[in-house]
1. Looking at segment 89-104, which of the residues that are touching a residue at least 40 places away in the same chain (Cβ under 8 Å) and in contact with a strand residue (DSSP E or B) (Cβ under 7 Å, 6 or more places away or on another chain) is farthest from residue 50 (Cα to Cα)?
2. For residue 50, indicate whether it is in contact with a helix residue (DSSP H, G or I) (Cβ under 8 Å, 6 or more places away or on another chain), closer than 13 Å to residue 100 by Cα, modelled with pLDDT of 95 or more and assigned to a helix (DSSP H, G or I).
3. Which residue, of 86, 100, is closer than 24 Å to residue 249 by Cβ, surrounded by fewer than 18 Cβ atoms within 10 Å (Cβ to Cβ) and modelled with pLDDT of 95 or more?
4. Examine segment 222-240 for a residue that is crowded, with 24+ Cβ neighbours inside 10 Å, in a helix (DSSP H, G or I) and touching a residue at least 40 places away in the same chain (Cβ under 8 Å), and state whether such a residue exists.
5. Report, by residue number, each residue of segment 59-75 that is at pLDDT below 90, assigned to a loop (DSSP other than H, G, I, E, B) and surrounded by 14 or more Cβ atoms within 10 Å (Cβ to Cβ).
6. Scanning segment 109-136 for residues that are modelled with pLDDT of 95 or more, closer than 12 Å to residue 67 by Cβ and out of contact with any strand residue (DSSP E or B) (no Cβ under 7 Å at 6 or more places or on another chain), which turns out surrounded by the fewest Cβ atoms within 10 Å (Cβ to Cβ)?
7. Among what's in segment 148-167 and is in contact with a strand residue (DSSP E or B) (Cβ under 7 Å, 6 or more places away or on another chain) and part of a loop (DSSP other than H, G, I, E, B), pick the residue that is nearest to residue 216 (Cα to Cα).
8. Looking at the structure I just gave you, is residue 93 in a helix (DSSP H, G or I), in contact with a helix residue (DSSP H, G or I) (Cβ under 7 Å, 6 or more places away or on another chain) and more than 27 Å from residue 253 (Cβ to Cβ)?
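The values are calculated or read from the model by the stated rules, or taken from the named source; none is laboratory data. In this text, all values refer to a predicted model and were calculated from it rather than measured experimentally. Positions of Cβ are generated from backbone atoms using ideal geometry, with glycine treated the same way; all protein chains shown enter the neighbour counts.
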């Protein structure tokens, strides 16, 4: 690593090799025509190998949704719990590679206030938790559902953002709950809570962009879509009024890091806009992210 890494990937599913079979089973179960790993250099990897990959690409930190498989997650291999990082896995990653990994506490609206209280205890004491993540389609509730409001209030109290999958579901689950307009009332009611509409809101991309344009506390995430496939509305937003409102994400392994960063370089963004996209805006929204790691000293 010859220079300080600056890139922050704000949405990465568990990258450990043990999850490869989980992904394959989930795709087969849902009947999705999707090839997860397109090249060996973007494959699942053990932690040391992933950090080496990050060093080579200038990636400072990966942000990982974290949770344990609960009653909901045991119902089907397609449930999101199975591809999330476990709490013990995050602890090892953070201990062995300081500054390179951070966690998003999974939102479970079925857990009631007991779940909110437990999330408060964990997120309040664990600096590696930098926000919350809502896998929207697992719960089939729109963003303005009452079950989410205690979680949004908690995020406001702790000054942590809430990221959520917006748009269609990746599998055979209802998609209407992910319509971006659902963030309209929460953004009004919780002006101190920072929201990130991930997955570009596709197929309701202009609607997601409209929400990010309207509200200072709503942002757009690029997870699951390689830059060559970003909707023109996303590109216009990044290169215009949304130059500080869009956060880079891959939703690995849906998009690999080599592929994504190579395609960002092809967009022709001015340096300041690209810097904001790949890391600067993330550090403002996820304000508990660890500092940029320093490169190792070269041997004399």
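1. First pass over segment 89-104, keeping only residues touching a residue at least 40 places away in the same chain (Cβ under 8 Å): 89, 92-93, 96-104.
Restricting the remaining residues to those that are in contact with a strand residue (DSSP E or B) (Cβ under 7 Å, 6 or more places away or on another chain) gives 93, 99-104.
Details: 93: 11, 99: 14, 100: 10, 101: 11, 102: 14, 103: 16, 104: 19 Å.
Only one residue fits best here, namely 104.
2. On the way: in contact with a helix residue (DSSP H, G or I) (Cβ under 8 Å, 6 or more places away or on another chain): no; closer than 13 Å to residue 100 by Cα: yes; modelled with pLDDT of 95 or more: yes; assigned to a helix (DSSP H, G or I): yes.
Here the answer is no, as residue 50 does not meet what is asked.
3. Values: 100 fails: surrounded by fewer than 18 Cβ atoms within 10 Å (Cβ to Cβ).
Exactly one residue qualifies, and that residue is 86.
4. Among the residues of segment 222-240, not one is crowded, with 24+ Cβ neighbours inside 10 Å, in a helix (DSSP H, G or I) and touching a residue at least 40 places away in the same chain (Cβ under 8 Å), which makes the answer no.
5. We begin by selecting, within segment 59-75, every residue at pLDDT below 90; these are 68-75.
Those still in the list that are assigned to a loop (DSSP other than H, G, I, E, B) too: 68-71, 75.
Result: 70, single match.
6. Among residues in segment 109-136 that are modelled with pLDDT of 95 or more, closer than 12 Å to residue 67 by Cβ and out of contact with any strand residue (DSSP E or B) (no Cβ under 7 Å at 6 or more places or on another chain), the one surrounded by the fewest Cβ atoms within 10 Å (Cβ to Cβ) is 118.
7. Here the answer is 161.
8. Values: in a helix (DSSP H, G or I): yes; in contact with a helix residue (DSSP H, G or I) (Cβ under 7 Å, 6 or more places away or on another chain): yes; more than 27 Å from residue 253 (Cβ to Cβ): no.
No; evaluated as a whole, the condition is false for this residue.
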